[in-house]
Amino acid sequence: MEQYKRPYLDNDDIRIGYKEYPYVKIRRKTFVLFIFIAFVFCAVMLCINIVFNAKYQYIIVEDVSMQPTLNPSPIATDDGRYQDCVYVELTQDIDYGDIIIVDRSEEEKTEDYTVIKRALAFEGDQISIVALPVGENGQYELRLVRIKSGDNVGEIVYTGQDDDYIIYEDYILSYEEWTQTCASSTGRVRYEEDFFEYFLQENSTTTHRIIVEVNGESQSFDVEFYTVGSDNVENELDQVFYMGDNRVASRDSRLTGTCDHDKVVGKVVRIAHNGYSLRNDIFGWLDVVYNYLALIWQEIINFFMV
């Protein structure tokens, strides 16, 4: 009598049922785990990006008013010249020398009109832009002279060293070009023309004596100073004076006046060089990603430190 054999107990079925099935389960669990990790990662990145966009903004920089700091070799397009991008922290907590974004939509009567410049003076500071014999071989160069609010200063003595009042700005494009293009040509005391016409010519000013002792010679100048905010006495908001680093190609406070402090959108915390287009640099996008991750990492550190 032929022995009865269940079809599902043949050798092939035993091999499939008892040897291959555990591997199928492992593959399935691995796939589910991968999907779960990917979902968690995407959810975390979405939350991080939401938080990031609430505090930071990524901006493409147009034109050349901040050269050489930004857009030193831009690509010319129909609507501007572009090269670099910046990450901006959305804050009004700014300091001297910060690169800031200022909203000028109201003044320019254009929606979303912003400018990127450098903050150089604040409410109550006394400032002047005057040509002084501080260059090589006694040549005259324009200098920003700034007396911070609260400083009790009678006369300023400059000996050619780093000075708290006569500011040497190593970030601007060219002192020589700025002086040749923008310094007034008349009078013993030569001011930056636009600054003089907007701030000194019609506003009440104070005078300080500046004594320059360089190259074995001593020269003194009675220089007029504008007090930031003094021409906006009816405006209760603090004022900010700003200029572009490319002084001969920047439309800034010298032409448009100071801005209300609440018009400051934020300050630049990271620069992504060549981030505008692959035409600038085929690897420029790496700098964009690097700075994004660096800001996220800094926020994580700050969170745990708090």
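The values are calculated or read from the model by the stated rules, or taken from the named source; none is laboratory data. From a predicted model like this one, the values you see are computed outputs, not experimental measurements. Every residue, glycine among them, receives a Cβ derived from its backbone with ideal geometry; neighbour counts consider all protein chains shown. All accessible areas refer to the heavy atoms of the entire protein, side chains included, with ligands and DNA or RNA removed. Shrake-Rupley method; radii C 1.70, N 1.55, O 1.52, S 1.80 Å.
Here are a few things to note about the model shown:
- Exclusive hit being part of a loop (DSSP other than H, G, I, E, B), open to solvent by 30 Å² or more (accessible area, probe 1.4 Å) and either of a type in the set (A, V, I, L, M) or farther than 25 Å from SER65 by Cα (or both), set ASP151, ASP170, ASP112: ASP151
Okay, residues lined up against (1) open to solvent by 40 Å² or more (accessible area, probe 1.4 Å); (2) part of a helix (DSSP H, G or I):
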position: SER220; (1), (2): yes, no
position: GLU224; (1), (2): yes, no
position: TYR242; (1), (2): no, no
position: ILE271; (1), (2): yes, no
position: ASN274; (1), (2): no, no
position: TRP285; (1), (2): yes, yes
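- Unique residue being touching a residue at least 24 places away in the same chain (Cβ under 8 Å) and surrounded by 17 or more Cβ atoms within 10 Å (Cβ to Cβ) when the list is ARG279, ARG254: ARG254
- Among the residues of the stretch 41-77, the one identified as aliphatic (A, V, I, L, M), closer than 17 Å to ALA249 by Cα and free of Cβ contacts under 8 Å to residues at least 24 places away in the same chain is ALA76.
- Residue in the stretch 183-191 that is in contact (Cβ under 8 Å) with a residue 60 or more places away in the chain, in contact with a Phe, Trp or Tyr (Cβ under 6 Å, 6 or more places away or on another chain), open to solvent by less than 80 Å² (accessible area, probe 1.4 Å) and not in a loop (DSSP other than H, G, I, E, B) present: no
- When the residues of the stretch 198-210 are filtered to those that are open to solvent by 30 Å² or more (accessible area, probe 1.4 Å), touching a strand residue (DSSP E or B) at 6+ places or on another chain (Cβ under 9 Å) and not hydroxyl-bearing (Ser, Thr, Tyr), the one that is modelled with the lowest pLDDT is ASN203.
- Selection over the stretch 227-248 of residues that are farther than 14 Å from GLY124 by Cα, at pLDDT 95 or above and not β-branched (Val, Ile, Thr) gives a count of 6.
- Against the test of being in contact (Cβ under 8 Å) with a residue 40 or more places away in the chain and at positive phi, the options GLY80, GLY124 yield a single qualifying residue, GLY124.
- So HIS273, is it at pLDDT 90 or above, within 24 Å of ASP98 (Cα to Cα) and touching a Cys at 6+ places or on another chain (Cβ under 9 Å): yes
- Neighbours by Cβ (under 8 Å, 6+ apart or cross-chain): first from the stretch 83-101, under 13 Å from SER65 (Cβ atoms) and open to solvent by 20 Å² or more (accessible area, probe 1.4 Å); second modelled with pLDDT under 95 and in a loop (DSSP other than H, G, I, E, B): none
- Residue tally, condition out of contact with any strand residue (DSSP E or B) (no Cβ under 8 Å at 6 or more places or on another chain) and without any contact (Cβ under 8 Å) to a residue 40 or more places away in the chain, over the stretch 131-147: 2
- For LYS263, the criteria (1) closer than 24 Å to VAL153 by Cβ; (2) surrounded by 18 or more Cβ atoms within 10 Å (Cβ to Cβ) hold in every case but one, which is (1).
- For the stretch 103-112, the count of residues that are closer than 20 Å to TYR242 by Cα and among the small types (Gly, Ala, Ser) is at least one.
- Condition met for ILE156 (touching a strand residue (DSSP E or B) at 6+ places or on another chain (Cβ under 7 Å), assigned to a strand (DSSP E or B) and closer than 28 Å to PRO72 by Cβ): no
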